[in-house]
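Below is one structure, written out as structure tokens; the observations come after it.
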Amino acid sequence: MSDVHVPFTDERLPNGLRLIIAEDHLAPVAAVNVWYNVGSKHEQPGKTGFAHLFEHVMFQGSANVGKAEHIALIQAAGGSMNGTTWLDRTNYFETMPSHQLELALWLEADRMGTLLSALSQENLDNQRAVVKNEKRWSYDNRPYGSWSEKIQEYLYPEGHPYHHTTIGSMEDLDAASLEDVGQFFRTWYAPNNAVLSVVGDVDPAEVRRWVDHYFGAIPANASFPQLGDLSLPPTIGGEIRETVTDNVPLPRIYWGFRSPAFGDPRLDALDLAGQILSGGKGSRLHRRLVRKERLAQDVSFFSMGFVGGASITAGWATVRPGVDLAVVEAAYWEELERLTREPVTADELQRAKALIESDELGALQSTDERADRLSMYATLFDDPGMINRMLDRYLSVTAEQIRAVAADVLRVDNRVVLTYLPKGAPPDGDAQDVPGEAGSDDKQVVA
């Protein structure tokens, strides 16, 4: 059993805002973290990308804060801040010198309660352009940038809330109107759809007074749209392959699998499998494909946990110049298949757990990471106490549990295989860096 224990309080304001406070006077800093229970899975057809677009809009001012002033005020006070959007949530966070905590709370409350006062067509158009450029940079024009979008589309059927990416489509972003964005805010950005975590060098009684003062008058939303059935079969029912010819420097093969939802203990076992397969130079894939047989430049294997029916387990191998892609694919698959047949060794399991424990303990030493995890577990599972149990869950995983979930997930009838080839690459897969327009492809899809 681990010695991890993060003490915290958990309460709700009359308007439904959930307030979590974790007092820690080790350093004179305080973290403020707000999770809204809205992500890209809550978007409607024809309005994809709204959650992420709105994350950008949230920094464009509110009733008492000018455009971009939120960022300027935080930085002038010696703090840092940001916001992110994902399939299951949107979050906003600041880390401040503890004597500046009240400023961060006021800023978060002002935009939660009054953002529409500053929403204008100019601000919307500006942020729409920023998001479209982000899409070009992160997806369309980046080498291999489309892999996650493609795997997501294949693992989640059309109509499922996870079928589309958080960034959305250019067409939907272009069509977003001021009224659309305003309605999105009125629907989801309410105190009873948010968790506020405050962690660090704080006085809990003082935090409660400030939160009640700044957030208490913000009205709750009477109801929220309900998501439909997110459940999915455990496998995709067949193998899917696509070959993409693009402006990439080397061939790369991606694998994607439908896997258990976040919160399912079987996903914990897959996280351990990821460490055994690709966690550093001592991992199976690295030892064989990179060091011993020199087939790949780099390898990876990991899981992305989602709460809505199924997660994604994925990996890749970047093929060394002159190496036959079929040889790389066969070697990678042999290592995955071996995991489904034979329990991992005691030494491998101990090493994987040590890596996980190091990551977990390192993260929990960070004030802002503790705040984020408290908000995450409260939002996704209604259980912030998971912060004190997750490490023990990882440390209790057995070799047989890893083998069993690998056998359930790493199957031919549950895999997507994407092969990226450089433009102009010879048929034998010898990679050459050939100039060309990013984003074009020559693909075949079979199921």
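Restricting attention to the range 321-343, does a residue exist that is part of a loop (DSSP other than H, G, I, E, B) and either touching a Cys at 6+ places or on another chain (Cβ under 7 Å) or within 20 Å of Glu242 (Cα to Cα) (or both)?
yes
If a residue counts only when it is modelled with pLDDT of 95 or more and polar (S, T, N, Q), which helices (runs of 4 or more DSSP H) contained entirely in the range 82-166 have at least 1 such residues?
By residue number, 101-114, 147-155.
Residues to consider are Thr235, Thr245; find the one that is surrounded by 15 or more Cβ atoms within 10 Å (Cβ to Cβ), touching a residue at least 60 places away in the same chain (Cβ under 8 Å) and assigned by TED's automatic domain parsing to the domain that holds Leu374.
Thr245
Looking at this structure, is Glu369 in contact with a helix residue (DSSP H, G or I) (Cβ under 8 Å, 6 or more places away or on another chain), in contact (Cβ under 8 Å) with a residue 40 or more places away in the chain and either in a helix (DSSP H, G or I) or not assigned by TED's automatic domain parsing to the domain that holds Phe257 (or both)?
Values: in contact with a helix residue (DSSP H, G or I) (Cβ under 8 Å, 6 or more places away or on another chain): yes; in contact (Cβ under 8 Å) with a residue 40 or more places away in the chain: no; either in a helix (DSSP H, G or I) or not assigned by TED's automatic domain parsing to the domain that holds Phe257 (or both): yes.
Answer is no for this residue.
Across the range 1-43, which residue is modelled with the lowest pLDDT among those that are out of contact with any helix residue (DSSP H, G or I) (no Cβ under 8 Å at 6 or more places or on another chain) and in a loop (DSSP other than H, G, I, E, B)?
Here the answer is Asp3.
Pick from Ala326, Ala317: which is under 28 Å from Ile236 (Cα atoms), surrounded by fewer than 18 Cβ atoms within 10 Å (Cβ to Cβ), of a type in the set (Gly, Ala, Ser) and not assigned by TED's automatic domain parsing to the domain that holds Thr95?
Ala326
Answer with yes or no whether Glu134 is among the charged types (D, E, K, R), under 22 Å from Ile74 (Cβ atoms) and not assigned by TED's automatic domain parsing to the domain that holds Trp255.
So Glu134 passes the test.
Just for the range 94-112: of the residues that are crowded, with 22+ Cβ neighbours inside 10 Å and hydrophobic (A, V, I, L, M, F, W, C), which one is farthest from the chain's Cα centre (by Cα)?
The residue in question is Leu101.
When the residues of the range 123-159 are filtered to those that are under 25 Å from Asp180 (Cα atoms) and hydrophobic (A, V, I, L, M, F, W, C), which remaining residue is nearest to the chain's Cα centre (by Cα)?
Restricting to residues being under 25 Å from Asp180 (Cα atoms) and hydrophobic (A, V, I, L, M, F, W, C), the top hit is Val131.
If Gln226 satisfies every condition in (1) in contact with an Asp or Glu (Cβ under 6 Å, 6 or more places away or on another chain); (2) under 30 Å from Thr379 (Cα atoms) but one, which is the exception?
(1)
If you go through the range 20-46 one residue at a time, how many are farther than 30 Å from Asp172 by Cβ, crowded, with 21+ Cβ neighbours inside 10 Å and touching a Lys or Arg at 6+ places or on another chain (Cβ under 9 Å)?
Qualifying residue count, the range 20-46: 3.
The values are calculated or read from the model by the stated rules, or taken from the named source; none is laboratory data. What you see is a predicted model, and the numbers here were worked out from it, not measured in a lab. Please note: Cβ atoms are built from the backbone with ideal geometry, for glycine as well, and neighbour counts cover all protein chains shown.
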